[in-house]
Amino acid sequence: MSQSLMVEEALQTPERIATQLSENKDRVKTIVAGIKAFAPKSVMIIGRGSSDHAGVYAKYLIETELGLPVSAAAPSVSTLFGKTLKLENTLVICISQSGRSPDILHQVEQAKKTGAFCLALVNDETSPLAELANEVLPLQAGPEKAVAATKSFLCTLSAIASLVATWSGSKDLLAGLENLPKQLQHVTTQAPQLTFDALKHVQHCVVLGRGFGYAISRELALKLKEVCGIHAESFSSAEFLHGPITLVAKKLMLVDVEIDDETLINHKKQVADVISRGGVVVTLKVDNDNSTEGDKIHKRLAPLAIMLRFYLDIEQVAQQMGLNPDEPVGLNKVTQTL
């Protein structure tokens with residue numbers, strides 16, 4: 001099999017994150033100083049697709065590390081319903097790879113008019129979004145040509161983690177970020193966790209996570225749809241017990257996103273319940289088995305390691321299915337919405 005653009009770009013992630021952390025260090029401090037002076041009482045995330053999924057990670061990280069409530073924007077409230085939200089004392093974080101989606105730009109314009117402090121996490125610093133925002137935190141992912149986002153998504157997560165670590169003053173998380181590029185490089189050499197044999201007969205599946213595991217479950221489900229044509233939906237493992245678990249009786253396959261953090265005990269109990277009902281489960285997790293204590297991936301950064309391994313695995317599965325991971329049916333790199 002020839003190496004696809006998708007896997008080529010995914011493999012650039014450790015280097016791109018190392019560059020980001022180095023080149024953005026002083027800028028992050030400046031941005032955090034501005035945010036602290038603004039003193040937001042809440043945070044709103046604006047994004048579409050994978051950028052919106054990155055916002056779920058931001059929500060969990062900001063709420064657990066800083067205690068500020070975080071909501072997700074509904075762009076159509078502004079663009080189609082014509083309503084303007086009152087966003088005084090709100091930090092608006094707009095996430096976009098291209099920085100050119102009309103609905104995103106419109107909402108940022110409206111947010112600024114109502115007094116929000118707008119921070120853009122964007123890969124293209126020359127984009128209209130970068131010009132519009134109060135502050136810009138570059139993703140430093142480099143050009144991404146594959147339709148299925150990989151390195152830009154992971155660079156978004158690392159940028160969010162860097163912002164929150166600096167804002168909260170978490171020495172532990174800052175140290176974890178310093179080690180992250182070499183840890184991600186190690187991930188690229190590890191054995192696959194999701195294989196062709198596990199997915200070759202699967203048409204429908206559920207991705208289960210809890211907390212930070214749920215934060216990446218939507219992106220995992222999206223890539224199963226985009227790259228392999230498998231219908232996949234994501235659920236919090238807690239929410240899955242409230243009705244959807246009845247699907248397990250049909251021998252539904254479940255992709256278990258396991259994070260070794262405060263949610264682990266409860267999440268594993270819920271996954272065990274699924275297995276006891278006949279569910280077929282494949283677990284994705286950080287492989288720290290051969291790592292010393294100092295080399296283990298920080299629990300808040302574990303989602304990045306899981307995602308990177310998943311991207312590499314799902315690309316191989318797609319190729320074995322006879323699919324082209326670089327040309328998902330009916331998709332374009334930049335989607336224009338209103």
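Test each condition in (1) closer than 30 Å to residue 28 by Cβ; (2) without any contact (Cβ under 8 Å) to a residue 24 or more places away in the chain; (3) of a type in the set (A, V, I, L, M) for residue 265 and report the one that comes out false.
Only one criterion in (1) closer than 30 Å to residue 28 by Cβ; (2) without any contact (Cβ under 8 Å) to a residue 24 or more places away in the chain; (3) of a type in the set (A, V, I, L, M) is unmet by residue 265, namely (1).
Output the number of the condition that residue 200 fails; it satisfies all remaining conditions of (1) modelled with pLDDT under 95; (2) over 21 Å from residue 299 (Cβ atoms); (3) buried (at least 17 other Cβ atoms within 10 Å of the Cβ).
With respect to (1) modelled with pLDDT under 95; (2) over 21 Å from residue 299 (Cβ atoms); (3) buried (at least 17 other Cβ atoms within 10 Å of the Cβ), residue 200 is out only on (3).
Of all residues in the range 115-126, which are polar (S, T, N, Q) and either at pLDDT 95 or above or under 18 Å from the mean Cα position of the chain (by Cα) (or both)?
123
Can you say whether residue 133 is touching a Cys at 6+ places or on another chain (Cβ under 8 Å) and closer than 14 Å to residue 55 by Cβ, as far as the supplied structure shows?
No.
Can you name the number of the only condition in (1) more than 30 Å from residue 18 (Cα to Cα); (2) touching a residue at least 60 places away in the same chain (Cβ under 8 Å) that residue 101 fails?
Every condition holds for residue 101 apart from (1).
Just one of 203, 270 is touching a residue at least 12 places away in the same chain (Cβ under 8 Å), polar (S, T, N, Q) and touching a helix residue (DSSP H, G or I) at 6+ places or on another chain (Cβ under 8 Å); which is it?
Being touching a residue at least 12 places away in the same chain (Cβ under 8 Å), polar (S, T, N, Q) and touching a helix residue (DSSP H, G or I) at 6+ places or on another chain (Cβ under 8 Å) holds for just one of 203, 270, which is 270.
Give the residue that is surrounded by the fewest Cβ atoms within 10 Å (Cβ to Cβ), with candidates limited to residues of the range 26-45 that are in contact with a Ser or Thr (Cβ under 8 Å, 6 or more places away or on another chain) and in contact (Cβ under 8 Å) with a residue 60 or more places away in the chain.
29
Tell me the residue from 265, 216 that is part of a helix (DSSP H, G or I), modelled with pLDDT of 85 or more and surrounded by 23 or more Cβ atoms within 10 Å (Cβ to Cβ), please.
Sole residue among the options that is part of a helix (DSSP H, G or I), modelled with pLDDT of 85 or more and surrounded by 23 or more Cβ atoms within 10 Å (Cβ to Cβ): 216.
The rows are residues; the columns are (1) in contact (Cβ under 8 Å) with a residue 24 or more places away in the chain; (2) surrounded by 17 or more Cβ atoms within 10 Å (Cβ to Cβ); (3) under 26 Å from residue 135 (Cα atoms).
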position	(1), (2), (3)
176	yes, yes, yes
182	yes, no, no
192	yes, no, no
207	yes, yes, no
223	yes, yes, no
228	yes, yes, no
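Yes or no, residue by residue, for (1) out of contact with any strand residue (DSSP E or B) (no Cβ under 6 Å at 6 or more places or on another chain); (2) in a helix (DSSP H, G or I):
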position	(1), (2)
165	yes, yes
173	yes, yes
192	yes, no
206	no, no
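Somewhere in the range 63-78, is a residue closer than 22 Å to residue 20 by Cβ, in the same structural domain as residue 25 (by TED's automatic domain parsing), of a type in the set (A, V, I, L, M) and touching a Pro at 6+ places or on another chain (Cβ under 9 Å)?
no
Looking at 125, 131, 144, which is the one that is among the charged types (D, E, K, R) and either under 19 Å from residue 304 (Cα atoms) or surrounded by 24 or more Cβ atoms within 10 Å (Cβ to Cβ) (or both)?
Step by step, each of 125, 131, 144 is checked, and only 144 is among the charged types (D, E, K, R) and either under 19 Å from residue 304 (Cα atoms) or surrounded by 24 or more Cβ atoms within 10 Å (Cβ to Cβ) (or both).
So, of the residues in the range 279-290 that are exposed (fewer than 15 other Cβ atoms within 10 Å of the Cβ) and modelled with pLDDT under 80, which turns out to be nearest to residue 303 (Cα to Cα)?
Across the range 279-290, the extreme among qualifying residues is 289.
For residue 183, indicate whether it is closer than 13 Å to residue 306 by Cα and not in a helix (DSSP H, G or I).
For residue 183, the condition - closer than 13 Å to residue 306 by Cα and not in a helix (DSSP H, G or I) - is not met.
Looking at the range 1-23, I want the residues that are closer than 22 Å to residue 323 by Cα and have a partner that is surrounded by 24 or more Cβ atoms within 10 Å (Cβ to Cβ) and small (Gly, Ala, Ser) with Cβ atoms under 8 Å, at least 6 apart or on another chain. Which pairs are those?
Matching pairs, first to second residue: 6/148.
The values are calculated or read from the model by the stated rules, or taken from the named source; none is laboratory data. The structure displayed is predicted, hence computed values, not measured ones. Neighbour counts run over all protein chains shown; Cβ positions are idealised from the backbone, glycine included.
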